[in-house]
Amino acid sequence: MQLMRAMNIVYSIGERTLLDIGELSIHQGDRIGLVGKNGVGKTLLLRCLLEEEESSANVDFYSEWSWFRQLDSPESAQVNWGSMSGGEKTMEKLSCIFSEGKQLLFLDEPTNNLDWRRIELLEQKLKQHKGAFVIVSHDRALLDNVCTTIWELEAGKMSVYSGDYSFYTELKELERKQQYMEYENYLREKKRLTERLTAKRTQAKGMRKPPARMSNSEWQLGKNKAAGKQKKVERVTKVIERRIERLEKVDKPFEWDEMKMDYVLAEPIHSKNIFTAKDLEITDLFTIPVLKLKTGSKTALIGDNGCGKTTLLKQLLRKDGDITFSKQANIGHFDQTLEKLPETKTVFEYVSESSSLPEHFLRVILGRLRFTQDEVHKKIGILSGGERVKVALARLLTGDFNVLVLDEPTNHIDFEAMEALENLVQDYPGTILYVSHDRRFVEATATKLWIMENKTVTSFDGSYNEYLDSQNRPAQVNETLYDKMTLETKLTELISRISVPRPGEDVSALEREYDEILEKLKQIK
């Protein structure tokens, strides 16, 4: 059954066309992942489909829909919105979406700020959803686990791939290899024809003068015959020229520079640990007897939403308490709020002003983060959220630091930039301590883990997969959290029904059910 059909989706600003899509449709049971680079227009497309943005699109809906926007707040008098963490706000918004019971869901970055367990809960809810959904997400594992179709938005056009995200990337790699083969064939044929053309031109030129051993009188006698041969060669030359002109040009596939970060830190750290902290404590959050950050490690701090990860990072950076740092440590900090970026400076100006590295090296790092030659001169004020994240990261990676502390560096950046950041983190010669909710990023980069649970931190020397092996179990969904989300969803539904009861509905029975669920939630908490 068709749930939505859209025709002639065109959106332009001046002479620049951002969207030019002939037709899109969504059917019952579709699980669609919408992917594309930062700033390509994924959210804009959703706004056009849902008629939140003026465009030429003709959209027909055959089902009710719900939309999870990145910046919305749930409207509920029962919720103390200001006291919630980012992850708790997202979960509340998702509970409201699922409680509406609409067949068609549009979800724009629903995993932002969610910890792994809550992302797995979201995956379960999506798998159980009976209708269809379109989800914009930078979480590659989620797209693999819940999507059966990928919509790729690139240069305003839409390409549709049947399969999950991994299958999509495999097809893209096959396309790139095919294009490279076609490009090499094009170069070989062009070279062959060009060489033949040069030879024929040289042959025609040689026919205009007598051979070295032929006298002028002999040359004059055979001149007419030579002229005939010359015209024949010139005709062949013209044919070759036309064949070169008619050759279908094949562009070389774009390849990002994979140059290693092989420079030496301005001031390497010779001590075994960057710092040693003792008796760290925040009331009702955590108590940590001893914590050490190993020099040269890529340490991932993982834990549930609201357990105090960002609070711990801030406490360490303030050196609040019994914390002994190496005197050689020069720390660069990435703050996910990005409030201090200068709007009027260009990308290159901002990155280069804190770095002693040569210009060509800075451009390589910026290129790997997908800032091409012209884009490095963009003003920061016009960049998208994901592009601003990349600018801030580039400044840290190229700055005169030997320790980086990164709070959610993977939020908002696209897949290509995510993979580039993985490589840059692996290549970085210093020490990195970071928080990230992207499971594959942690799997690819972490050499050490800090696990924050039960109001303390335990250390594990190894990768995340090695940690799971050491636990002799796969990562599992916390059933208590699942029950909590189910009850919260039901509670939200009851609040709505009590506020606006249906004709003949027993409000007192609803209130009793509300009290019972509220008591169960208190027991879980």
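Observations
- Count Lys and Arg as plus one, Asp and Glu as minus one, and take only other residues whose Cβ is under 14 Å from that of Phe325; the net charge is then +4.
- Crossing angle, helix 165-206 versus the chain [Cα axis fit, 0-90 degrees, rounded to tens]: 10
- Segment 453-472 residues near the modelled Glu443 label - backbone nitrogen below 12 Å, point 7 Å along Cα→Cβ: 464-466, 468
- With all projection directions averaged, the alpha carbon convex hull of the chain covers 36.6 nm².
- Counting only protein heavy atoms and a 1.4 Å probe, the chain has 52 square angstrom of accessible area per residue.
- Relative contact order of the chain: 15 percent, from C-alpha pairs under 8 Å at least 6 residues apart in sequence.
- Backbone geometry of segment 233-239 corresponds, through the Karplus equation with coefficients 6.51, -1.76 and 1.60 at θ = phi - 60°, to 3J(HN,Hα) couplings of 5, 5, 5, 4, 4, 4, 4 Hz, x marking Gly and Pro.
- Too-long pairs where the Cα-Cα distance tops 25 Å, listed order kept, from Lys42/Lys390; Lys93/Lys157; Lys125/Lys490; Lys93/Lys340; Lys127/Lys448; Lys278/Lys309: Lys93/Lys157; Lys93/Lys340; Lys127/Lys448
- In degrees, nearest ten, helix 507-524 long axis to first principal axis of the chain (Cα): 80
- Gain upon complete extension [Lys229, His377; 0.36 nm per residue less C-alpha separation]: 47.5 nm
- Taking the charge dipole of the chain about its Cα centre, with +1 at Lys and Arg Cβ atoms and -1 at Asp and Glu Cβ atoms, the residue from Gly321, Ser137, Asn112 reaching farthest to the positive side is Ser137.
- Summing charges over neighbours of Val405, with a neighbour being any other residue whose Cβ is under 11 Å away from its Cβ, gives -1 when K and R count +1 and D and E count -1.
- If R0 is 30 Å, the Cβ-Cβ spacing of Glu15 and Ser159 corresponds to a FRET efficiency of close to 0.80.
- Each Lys or Arg adds one and each Asp or Glu subtracts one; over the other residues with Cβ under 13 Å from the Cβ of Lys455, this totals -3.
- With a Förster radius of 35 Å applied to the C-beta separation of Leu468 and Asn8, the computed FRET efficiency comes to 0.10.
- In the chain, taking the dipole from charged Cβ atoms about the Cα centre, the farthest positive-side position among Leu424, His360, Leu312 is held by His360.
- Extension gain (nm, one decimal) between Lys520 and Leu247, 0.36 nm per residue minus Cα-Cα: 91.0 nm
- The chain, accessible surface, carbon-and-sulfur percent (1.4 angstrom probe): 47
- Look at the dipole of the chain built from charges on Cβ: of Val435, Gly39, Ala509, the Cα furthest out on the positive end belongs to Gly39.
The values are calculated or read from the model by the stated rules, or taken from the named source; none is laboratory data. Just so you know, these numbers come straight off a predicted model, no measurement behind them. Backbone-built Cβ (ideal geometry, glycine too); neighbour counts: all protein chains shown. Remember, those area values only see protein heavy atoms, side chains included, never the ligands or the DNA or RNA. Shrake-Rupley method; radii C 1.70, N 1.55, O 1.52, S 1.80 Å.
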